[in-house]
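First comes the structure, then the notes that go with it.
The values are calculated or read from the model by the stated rules, or taken from the named source; none is laboratory data. Since the structure is predicted, the reported quantities are computational estimates derived from the model, not experimental observations. Quick reminder, even Gly has a Cβ in these numbers, built from the backbone with ideal geometry, and neighbours come from all protein chains shown. With ligands, DNA and RNA removed, areas are computed over all heavy atoms of the protein, side chains included. Shrake-Rupley method; radii C 1.70, N 1.55, O 1.52, S 1.80 Å.
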Amino acid sequence: MLHEELTASDVATRDGITLPRGFRAVGIHCGIKKAKKDLALIVSDVPATAAAVFTQNRVQAAPVLLSKRHFSLRKTFRAIVINSGNANACTGDRGYADACTMVEVAAEALGVYPTEVLVASTGVIGEPLPMEKIEPGIRTASALLSESEHDSAAEAIMTTDTFKKVATATFELEGRVVHIGGIAKGSGMIHPNMATMLAFVTTDVAIEREVFQELLKGAVDRTFNRIVVDGDTSTNDMVIALANGASGGGILRPGTQSFKRFAQHFEHVLKQLALAIVRDGEGATKLVEITVEGATSSVDAVRAAKAVALSPLVKTALHGEDANWGRIIAAVGYSGIEFDPAKCEIVINTIPILSQNFVVPLGNREANRTLAGDFIALHIRLHGGEGKATVWTCDFSEQYVVINGSYRS
């Protein structure tokens, strides 16, 4: 007998970020944007253990700085307040004070301590927050929190995204059902070591802070840090995970089968969110999975795969369905890794387009057909070692320029 049996009502109300027990959320329009939702709250009914990773950009937005400070002060949290449409980045002392106000207003409305609240922002850099709209918006949102408002929260964190990014997992651990729910935003300014992306993950298992932090960091390195849209790393990125133990089980211990099972599902949720960001890359028409095999090390495999994923020449060729293998091998060449170019093989969707010793098995027309469709699996085999890595990217279309040429208009 499982610890939990979902009722029809549960299925109708709990999903996404509120699928784990003990979490509520909401997203509203407070006026930062002209019409779309732009303010979200995620709340745990009980103190939740937290883990987080933040942008590696030296220019860090006020909400990043404040949330990092709160992480240094405590291990458990109750809420996250998020706004979209304004990054609150490069806004100086006023911006930091505004981030503090967002936290304080949320804390007062929820009846918790300010240090129990984390804050995130995304949008245009360099403009002050319209606090006269945000403060009453937070109070309004706090009164609307619900298990059923998971979709509105996912919508409220979007900027240039064209669809909501949601992933969940439900599975059994030691006779009880546990859940993981996540939402993310991101479409452009996406590059490893975080990007213009926010991700929030909830779970109802119990786990210690240090263990959770290590788990999150490793999973992020293999998911969010393996996606590329355009090579720009943002000022506002963060991934925050909350675990409130509401499923009723004991604390997960590293090395146990239960921990391994949880870790697999946790990373799967992060991967699904990461792939959704790439699939929604600004102007993208193709999701591209780049796997490098046979490098001297896994580190070199990652370097080579990222070089290919970042190449504007490769990305535009993929968009134009031009199987230009010369651009691919050139990107591997300037990645800085050691390899023998004559041993390189390139395969697209199981079809070889470059064999060893620079043998080209297909004519241009036949090779180009391998790029039809909206998913491309690109395999680069170096035959120089055991290193292997996969990175995900998208193509570059004319729409990327259109979107980013008028981002503030």
(request) Can you list which of the trypsin sites (Lys or Arg not before Pro) found in segment 13-60 are DSSP loop residues with at most 10 other C-beta atoms within 10 Å? (result) Lys34, Arg58
(request) Hey, could you get me the Stokes-Einstein D for segment 128-176, Kirkwood radius over alpha-carbon pairs, 20 °C and 1.002 mPa s, rounded to whole µm² s⁻¹? (result) 155
(message) Probe radius 1.4 Å, ligands and nucleic acids ignored: give me the carbon and sulfur share of the accessible area of segment 235-373 as a rounded percent.
(response) 52
(message) So if I take the centroid of the Cα atoms in segment 323-376 and the same for segment 118-192, what is the distance between those two points in Å?
(response) 39
(message) For the chain, set up a GNM with springs between Cα atoms under 10 Å and report which of Phe224, Phe23, Phe171 has the largest fluctuation.
(response) Phe171
(request) Take the cross-link list Lys164/Lys271; Lys36/Lys165; Lys34/Lys165 and give me the ones stretching past 25 Å between alpha-carbons. (result) none
(message) Percent of Cα-Cα pairs more than 38 Å apart in the chain, please.
(response) 24
(request) With springs connecting C-alpha atoms under 10 Å apart, model the chain as a Gaussian network and identify which of Ser397, Ser355, Ser72 has the largest mean-square fluctuation. (result) Ser72
(message) Run the numbers for Ala263 and Arg369: contour at 0.36 nm per residue of separation, minus the present Cα-Cα distance, in nm.
(response) 34.3 nm
(message) So if each residue of separation counts as 0.36 nm, and I subtract the Cα-Cα distance between Ser148 and Ala342, what length gain in nm does that give?
(response) 64.1 nm
(message) Using a Gaussian network model on the chain with a 10 Å cutoff between Cα atoms, which of Asp374, Asp204, Asp98 fluctuates the most?
(response) Asp374
(request) Please tell me which of these pairs span more than 22 angstrom C-alpha to C-alpha: Lys306/Lys343; Lys33/Lys286; Lys37/Lys75; Lys68/Lys217? (result) Lys33/Lys286; Lys37/Lys75
(request) Using R₀ = 45 Å, calculate the FRET efficiency as 1/(1 + (r/R₀)^6) where r is the Cβ-Cβ separation of His383 and Phe163; round to 0.05. (result) 0.70
(message) Before I look further, what does the chain give for accessible area per residue, probe 1.4 Å, in whole square angstrom?
(response) 40
(message) So for the chain, averaging the separation of alpha carbon pairs under 8 Å that are six or more residues apart and normalising by length, what relative contact order in percent results?
(response) 17
(message) Please list 3J(HN,Hα) in residue order for segment 31-36, calculated via the Karplus relation 6.51 cos²θ - 1.76 cosθ + 1.60 where θ = phi - 60°; whole Hz, with x for glycine and proline.
(response) x, 5, 8, 5, 9, 6
(request) Any chance you could list P(r) for segment 286-390, counting all Cα-Cα pairs in 10 angstrom bins from zero, rounded to whole %? (result) 17, 54, 28, 2
